[in-house]
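The values are calculated or read from the model by the stated rules, or taken from the named source; none is laboratory data. As the structure is a prediction and not an experimental result, all values here were calculated from the model. Ideal geometry is used to build each Cβ from the backbone, glycine not excepted, and the neighbour counts take in all protein chains shown. The protein model used for the area step is the full one, side chains on, heavy atoms only, and it has no ligands, DNA or RNA in it. Shrake-Rupley method; radii C 1.70, N 1.55, O 1.52, S 1.80 Å.
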Amino acid sequence: MFTRNMRKTYALSLIDKMPPLPKGRPFPRIAPDQVVKELRERVNDPSTQDQMNTSLCGPAAFFYCVLNYKPELYVQYVIDLLTTGKARIDSLTVEPSLACRAYDPQNSSAWLLVGSRVLS
């Protein structure tokens, strides 16, 4: 059984090993260095996740729980979204719309939750 610290350490190692972004990346207006910075912050303190003034309470609450109990799943989800344009958590598959992928967050973290389509 993994302890919280082991999960946190593993999650941080996934961030360190994040693959390079492909040409024509799915989220061209997202600054990868900002994502890495915010991922580290969230793994270290899940309360830093902020939906800001969007109406995304449900997804924010879900991801807050994932961050607290299985941060490695959250990190892998974000890495997959950033590198492939879609991601899974267990049987939940999410593929953001073109409008979502083109969204310019201006240093906002809400992009992870906006305009996604659940496929499973």
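In debye to the nearest 20, how big a dipole does the chain give about its Cα centre with +1 on each Lys and Arg Cβ and -1 on each Asp and Glu Cβ?
Details: 15 positive and 11 negative charges, 50 e Å.
Computed charge dipole of the chain: roughly 240 debye.
Could you size up the charge dipole of segment 1-61 around its Cα centre, putting +1 on the beta carbon of Lys and Arg and -1 on that of Asp and Glu, and report it in debye to the nearest 20?
Working: 10 positive and 6 negative charges, 50 e Å.
Using Cβ point charges on Lys, Arg, Asp and Glu, segment 1-61 gives about 240 debye.
Considering Cα pairs under 8 angstrom that are at least six residues apart, work out the relative contact order of the chain and quote it in whole percent. Display every interim value, and only then the final one.
Details: 138 pairs, mean separation 37.2, N = 120.
Relative contact order of the chain: 31 percent.
Around residue 27, under 14 Å between beta carbons, what's the net of Lys plus Arg minus Asp minus Glu among the other residues? List each step's numbers first, then the result.
Details: positive: 23, 25, 29, 86, 101; negative: 33, 38, 80, 95, 104.
Spelling it out: positives minus negatives among the neighbours equals 0.
With θ taken as phi - 60° and the coefficients 6.51, -1.76 and 1.60, list the Karplus ³J(HN,Hα) couplings across segment 89-95 in order, rounded to whole Hz; mark glycine and proline as x.
Once rounded to whole Hz, the list reads 10, 6, 8, 7, 10, 10, 10.
Report residue 54's accessible area, 1.4 Å probe, all protein chains in place, as a number in Å² to the nearest 10.
Using a 1.4 Å probe on the heavy atoms, I get roughly 40 Å².
Place +1 on the Cβ of every Lys and Arg and -1 on the Cβ of every Asp and Glu in segment 1-101, take the dipole about the Cα centre, and give the residue among 47, 87, 68 whose Cα lies farthest towards its positive end.
87
Within segment 14-57, name every residue whose backbone N is under 17 Å away from a label modeled 7 Å from Cα of residue 98 along the Cβ vector.
The answer is 24-29.
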